[in-house]
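Below: the structure, in structure tokens.
Derivation of every value follows stated rules applied to the coordinates shown; laboratory data play no part. Nothing here was measured: the structure is a model prediction, and the numbers come from that model. Cβ: placed from backbone, ideal geometry, glycine included. Neighbour counts: every protein chain shown.
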Amino acid sequence: MTRVITAWVAQRVKVRLAYRGDFVFQALGDAVITLVGLFLIATIFTHVPDVRGWDVHELLVCWGMAEACLGTFWVVFQGIYAINRTYILGGELDRLLLRPVDPFVQILLDNLHLEDVPVIGLGLVVLMIGAHGAGVVWGPAEIVMLPVMVVSGALVIGGLLTAVTALGFWVHHQGSAIGLAYQLTVYGRYPLDFLPRPLAILVSTAMPFTFAGFLPATWFLDRPEWHPYAAIQPLVGVTLMFAAHRFWTWSSHRYASTGT
């Protein structure tokens, strides 16, 4: 199975690089869009020294962590945006069910979005800049936990949106619900102190996108009150993704072929 997946990924890379100009321009476009948020933060902190006790360097760590998680999510989980429209309503799932590889895995592999790799790099660079300004000391624990938390953050987003996608087997929507849920990810990159209490509760419990930005970022900052939540972030990511995949697989039994 590992050999099959490796060969699949290699083939997908070849396909994406077949049109190098298009690949480069789309990658640059995604990076520019990401920089807009960074420009907003920089503009705010040119006028105020801190916001509710958080300075610009701490905000950069949170922002960088969130962007690295989102970039990883987009590289791996781009395919979930096509599930409802293309695979369920369009009947493309028929083709995947005939193969010996998990259909959900096939969807992800078919839609790898390598253009967002620069977003991951940009997020990590911003995180490092913020960490330097915040006086973060990079010991072995921090070095090991950084990639773990980035991947786990992507699993948090992927798990939550996979669960939303699975509803398509029940209500046959085009996928608009995924976009609405994704909008909540923007609140995961800022400290919970910035958010109204009802919204803070929502993005830390029912739709815990704070585990894909703010909470893992606090692991590297001098914010001990948040460290227990940051420590369980990898477990939250794995658990959400596992549960969402099981829910998707169970829901897929309701799939009805288009007959084409």
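When a footprinting reagent is the concern and you count Cβ atoms within 10 Å, what order do PHE169, PHE209, PHE242, PHE77 take, fewest first?
Values: PHE169 20, PHE209 27, PHE242 12, PHE77 23.
In order of increasing Cβ crowding within 10 Å: PHE242, PHE169, PHE77, PHE209.
Using θ = phi - 60° and the Karplus curve 6.51 cos²θ - 1.76 cosθ + 1.60, what whole-Hz ³J(HN,Hα) does each residue of region 145-153 get, with Gly and Pro shown as x?
Karplus-based 3J(HN,Hα) across region 145-153 equals 6, 4, x, 4, 6, 5, 5, 5, x Hz.
In vacuo Debye scattering of region 149-260, one point per C-alpha: log10 I(q)/I(0) at q = 0.17, 0.19 Å⁻¹?
Rounded to two decimals, the profile gives -0.80, -0.95.
Listed highest first by mean packing, meaning other Cβ atoms within 10 Å per residue, what order do 117-128, 145-156 come in?
Descending packing order for the listed peptides: 145-156, 117-128.
Please give me the summed charge of the neighbours of TRP219: other residues whose Cβ is under 13 Å from its Cβ, Lys and Arg +1, Asp and Glu -1. Please report the intermediate quantities before stating the final value.
Details: positive: ARG223; negative: GLU58, GLU142, ASP222, GLU225.
Neighbour charge sum, excluding TRP219 itself: -3.
For the residues ARG85, ARG52, ARG246, what sequence is obtained by ranking on other C-beta atoms within 10 Å, fewest first?
Details: ARG85 15, ARG52 7, ARG246 12.
Starting with the residue having the fewest Cβ neighbours, the order is ARG52, ARG246, ARG85.
Counting Lys +1, Arg +1, Asp -1, Glu -1, what net charge surrounds SER257 among other residues with beta carbon under 14 Å of its beta carbon? Could the numbers behind the result be given before it?
Numbers: positive: ARG95, ARG254; negative: GLU92, ASP94.
Here the charged neighbours net out to 0.
Ranking VAL203, VAL137 by Cβ neighbours within 10 Å, fewest first, what do you get?
On the way: VAL203 23, VAL137 7.
The most exposed by this proxy come first: VAL137, VAL203.
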